[in-house]
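Please read the structure below before turning to the comments.
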Amino acid sequence: MPVKLVFGGKLTQSDPKDFPVVIIGQLPHITSITFDDVKTKLAPRVDKETFDQGVGSLSSSPTSSCPLWLRNATIAALPVKCSRHNAPSRAHSLSKLVKTFLLGQEEFVVIVCERKDAYALGCSVARVLPLFSGKSGQSAEDHMLTVEFLLVGEDKGKPLTKDDLHAMSASAHGIRLAAEIVDKPCSHMNTDHFVKEAEIIAGELKITPFIVRGEDLKEKGFGGIYNVGRSAEHPPALVVLSHKPEGATKNIAWVGKGIVFDTGGLCIKTRQGMCGMKRDCGGAAGILGAFYAAVKLGFSENLHAVFCLAENAVGPLATRTDDVYTHYSGRTVEVNNTDAEGRLVLADGVAYARKDLKADVVVDMATLTGAQGIATGKYHGSIVTNDENMELWCVKAGQNSADLVHPMPYSPELHFPEFNSAIADAKNSVADRSNAQVSCAGLYIASNLGFDYSGVWLHIDMAAPVHSGERATGYGVALLATLFGQMSHNSLLKYIAPPVSIQEAMEVENEDSAKKIRRH
């Protein structure tokens with residue numbers, strides 16, 4: 001059974017004989033506490049002398065640990081060094097340490113940190129606790145992992161508040177939900193299953209979903225989603241969840257790529273290249289988890305989650321190269337690569353966000369290109385945006401949440417010509433794959449939103465960080481919750497969110513547009 005994850009704002013009494021414990025923090029934080037601060041988790045098995053010797057043995061190497069009592073009580077240090085493109089919390093190192101020391105029974109993790117790092121570190125534990133398993137013979141009994149925080153620095157002696165813990169709990173649920181969806185193979189997570197997951201979340205949040213499926217997609221003009229998914233056993237779908245609180249004045253749309261399995265279509269992938277393509281719904285899964293967390297934590301503006309769901313299957317109805325289709329935006333596409341299908345479904349999604357949802361901010365998130373992993377690696381997602389402020393804020397939100405990102409060039413005039421077509425508005429795959437491929441892929445989506453779009457557009461390509469090894473990470477949930485934290489009623493999200501509010505960004509955008517109109 002899956003581990004039940006619980007967060008606590010202060011340390012509770014427990015005996016490591018019955019409840020194993022690992023105490024983790026950066027070395028300066030660990031050395032700033034005393035045995036009395038953690039005695040409640042260690043006594044009577046560990047005394048002050050043993051604790052002090054254990055702390056003294058820790059080093060500033062990348063990670064360091066020392067057993068205090070058998071395997072049931074351990075103290076571990078996170079790296080001291082941290083580059084400017086890493087998360088200051090060292091959350092990725094904490095994930096690895098927690099995964100190493102868990103014993104698979106009711107146990108505790110004590111995190112010694114400053115308040116500003118608590119959210120990222122709490123989420124990092126959730127990332128290594130998967131929910132899905134297809135193994136037989138597993139115990140039917142679940143067990144609990146309790147994460148407790150001991151704050152140091154300015155907030156030393158102050159426990160995390162109920163509001164702080166609520167932020168972690170809701171986000172952890174969203175992270176684990178997203179990871180579960182991505183971990184499940186298409187036999188367990190086809191488009192019908194994904195629609196059901198969205199309906200369950202909608203029910204929990206008291207939202208009525210808007211769903212367009214199968215032939216209705218064709219009739220309503222969603223040529224991208226329909227034609228990508230029409231050959232599969234389970235029909236493609238557009239699902240929209242909308243949170244509309246009283247007093248809201250802005251519309252935020254998060255659009256997710258939900259390709260539940262990607263064969264590559266008639267441009268079929270290699271045998272090895274096709275393994276792992278159950279993860280191609282990672283963008284939509286991350287947005288579902290983020291939407292759940294954001295609404296649970298009190299999102300103050302209109303928030304729409306748009307899921308573009310399809311299985312890119314091979315069959316008699318599969319899209320052919322040379323076919324020409326019309327997107328929801330009205331733009332036509334000449335398909336020259338059926339394995340560049342994610343941008344086809346997202347093009348419909350962002351067009352819907354602009355035309356029907358009247359979105360002021362559109363974020364699309366997708367496992368879009370293999371080039372992303374080459375460009376920014378397996379920890380950093382790649383971002384492309386039409387707004388410089390959004391670029392800076394997203395990088396900051398990535399560092400504060402540990403869902404790291406790094407910017408790619410935004411130069412439509414230089415890169416979009418790669419999609420030139422003699423018979424349609426664009427081809428769906430570039431002429432030169434060595435010319436800023438990550439940026440180009442994002443620009444195809446942006447072209448269906450419109451390069452004249454006066455709002456803020458952000459594209460997040462997270463093909464590599466969506467998983468670590470053979471397990472999904474729930475990437476994107478904490479990133480979006482943090483990036484839009486200024487629109488949350490939750491005090492912790494507001495505390496770690498980028499310092500300039502998204503509302504101000506939209507006001508600046510509108511002012512710039514007004515100035516342009518006045519100049520002309």
Tell me, which residue of the range 208-246 that is without any contact (Cβ under 8 Å) to a residue 60 or more places away in the chain and farther than 24 Å from ILE445 by Cβ is most open to solvent (accessible area, probe 1.4 Å)? GLU246
Filter the range 122-145 for residues that are among the hydrophobic types (A, V, I, L, M, F, W, C), in contact with a Ser or Thr (Cβ under 7 Å, 6 or more places away or on another chain) and open to solvent by 20 Å² or more (accessible area, probe 1.4 Å) and give the result. VAL128
Any hit, the range 430-445, residues being modelled with pLDDT of 95 or more, part of a loop (DSSP other than H, G, I, E, B), at positive phi and within 21 Å of the chain's Cα centre (by Cα): no
Any idea which of (1) open to solvent by less than 30 Å² (accessible area, probe 1.4 Å); (2) at pLDDT 60 or above; (3) of a type in the set (Gly, Ala, Ser) is the one ALA505 doesn't satisfy? (2)
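Restricting to the range 448-464, what's the tally of residues that are of a type in the set (Asp, Glu) and either under 12 Å from ASP364 (Cβ atoms) or crowded, with 24+ Cβ neighbours inside 10 Å (or both)? Can you show your working first?
So in the range 448-464, the residues of a type in the set (Asp, Glu) come out as 452, 461.
Those left that are additionally either under 12 Å from ASP364 (Cβ atoms) or crowded, with 24+ Cβ neighbours inside 10 Å (or both): 461.
The number of residues fulfilling the criteria is 1.
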Determine whether SER57 is modelled with pLDDT of 95 or more, surrounded by fewer than 18 Cβ atoms within 10 Å (Cβ to Cβ) and polar (S, T, N, Q). yes
In the range 416-438, the residues that are farther than 19 Å from TYR328 by Cα, touching a residue at least 60 places away in the same chain (Cβ under 8 Å) and surrounded by 18 or more Cβ atoms within 10 Å (Cβ to Cβ): GLN437, VAL438
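Yes or no, residue by residue, for (1) among the hydrophobic types (A, V, I, L, M, F, W, C); (2) in contact with a His (Cβ under 6 Å, 6 or more places away or on another chain):
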site: ALA178; (1), (2): yes, no
site: GLU197; (1), (2): no, no
site: GLY203; (1), (2): no, no
site: ILE207; (1), (2): yes, no
site: ARG213; (1), (2): no, no
site: ASN227; (1), (2): no, no
site: PRO235; (1), (2): no, no
site: SER242; (1), (2): no, yes
site: ILE252; (1), (2): yes, no
Give the residue that is surrounded by the most Cβ atoms within 10 Å (Cβ to Cβ), with candidates limited to residues of the range 295-340 that are assigned to a loop (DSSP other than H, G, I, E, B), in contact with a helix residue (DSSP H, G or I) (Cβ under 7 Å, 6 or more places away or on another chain) and among the hydroxyl-bearing types (Ser, Thr, Tyr). TYR328
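Give the residues of the range 72-101 that are of a type in the set (A, V, I, L, M) and surrounded by fewer than 18 Cβ atoms within 10 Å (Cβ to Cβ), sorted by residue number. Steps first, please.
First, pick out the residues of the range 72-101 that are of a type in the set (A, V, I, L, M): 73, 75-78, 80, 87, 91, 94, 97-98.
Residue satisfying the conditions is VAL80 alone.
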Residue count for the range 264-307, restricted to those that are among the polar types (S, T, N, Q) and more than 28 Å from SER231 (Cα to Cα): 2
Is there any pair with a first residue in the range 60-88 that is free of Cβ contacts under 8 Å to residues at least 24 places away in the same chain and a second that is in a strand (DSSP E or B) whose Cβ atoms are under 8 Å apart and which are 6 or more apart or on different chains, and what are they? CYS66/THR74; CYS66/ILE75; CYS66/ALA76; PRO67/ALA73; PRO67/THR74
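Is the range 386-402 home to any residue that is in a loop (DSSP other than H, G, I, E, B), touching a residue at least 12 places away in the same chain (Cβ under 8 Å), out of contact with any Phe, Trp or Tyr (no Cβ under 8 Å at 6 or more places or on another chain) and open to solvent by 20 Å² or more (accessible area, probe 1.4 Å)?
Initially, the range 386-402 is screened for residues in a loop (DSSP other than H, G, I, E, B), giving 386-387, 402.
Filter once more, so that each one left must be touching a residue at least 12 places away in the same chain (Cβ under 8 Å): 386-387, 402.
The next check asks that each one be out of contact with any Phe, Trp or Tyr (no Cβ under 8 Å at 6 or more places or on another chain); those that pass are 402.
Within this subset, residues satisfying the condition of being open to solvent by 20 Å² or more (accessible area, probe 1.4 Å) are none.
The answer is no, given that none of the residues of the range 386-402 is in a loop (DSSP other than H, G, I, E, B), touching a residue at least 12 places away in the same chain (Cβ under 8 Å), out of contact with any Phe, Trp or Tyr (no Cβ under 8 Å at 6 or more places or on another chain) and open to solvent by 20 Å² or more (accessible area, probe 1.4 Å).
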Regarding GLY373, is this residue over 27 Å from TYR328 (Cβ atoms), open to solvent by less than 20 Å² (accessible area, probe 1.4 Å) and in a helix (DSSP H, G or I)? no
Selection status of ASP348, on the phi < 0 side of the Ramachandran plot, touching a helix residue (DSSP H, G or I) at 6+ places or on another chain (Cβ under 9 Å) and surrounded by 24 or more Cβ atoms within 10 Å (Cβ to Cβ): yes
Identify, by number, the condition in (1) open to solvent by 10 Å² or more (accessible area, probe 1.4 Å); (2) of a type in the set (D, E, K, R); (3) in contact (Cβ under 8 Å) with a residue 12 or more places away in the chain that GLU148 doesn't meet. (1)
Note down all Cβ pairs under 8 Å where the first residue falls in the range 38-51 and is buried (at least 17 other Cβ atoms within 10 Å of the Cβ), the second is part of a helix (DSSP H, G or I) and among the aromatic types (Phe, Trp, Tyr), and they're at least six residues apart or on different chains. VAL38/PHE51; LEU42/PHE35; LEU42/PHE51; PHE51/PHE35
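Would you point out which residue out of LYS269, LYS244 is over 18 Å from GLY174 (Cβ atoms) and more than 23 Å from the chain's Cα centre (by Cα)?
On the way: LYS244 fails: more than 23 Å from the chain's Cα centre (by Cα).
Among LYS269, LYS244, only LYS269 is over 18 Å from GLY174 (Cβ atoms) and more than 23 Å from the chain's Cα centre (by Cα).
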Could you please give the count of residues in the range 394-411 that are among the β-branched types (Val, Ile, Thr) and touching a Cys at 6+ places or on another chain (Cβ under 8 Å)? 1
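The values are calculated or read from the model by the stated rules, or taken from the named source; none is laboratory data. The structure displayed is predicted, hence computed values, not measured ones. Every residue, glycine as well, gets a Cβ built from its backbone with ideal geometry; the counts of neighbours run over all protein chains shown. Ligands, DNA and RNA are stripped out before the accessible areas are found, and what is left, the full protein with its side chains, is counted by its heavy atoms. Shrake-Rupley method; radii C 1.70, N 1.55, O 1.52, S 1.80 Å.
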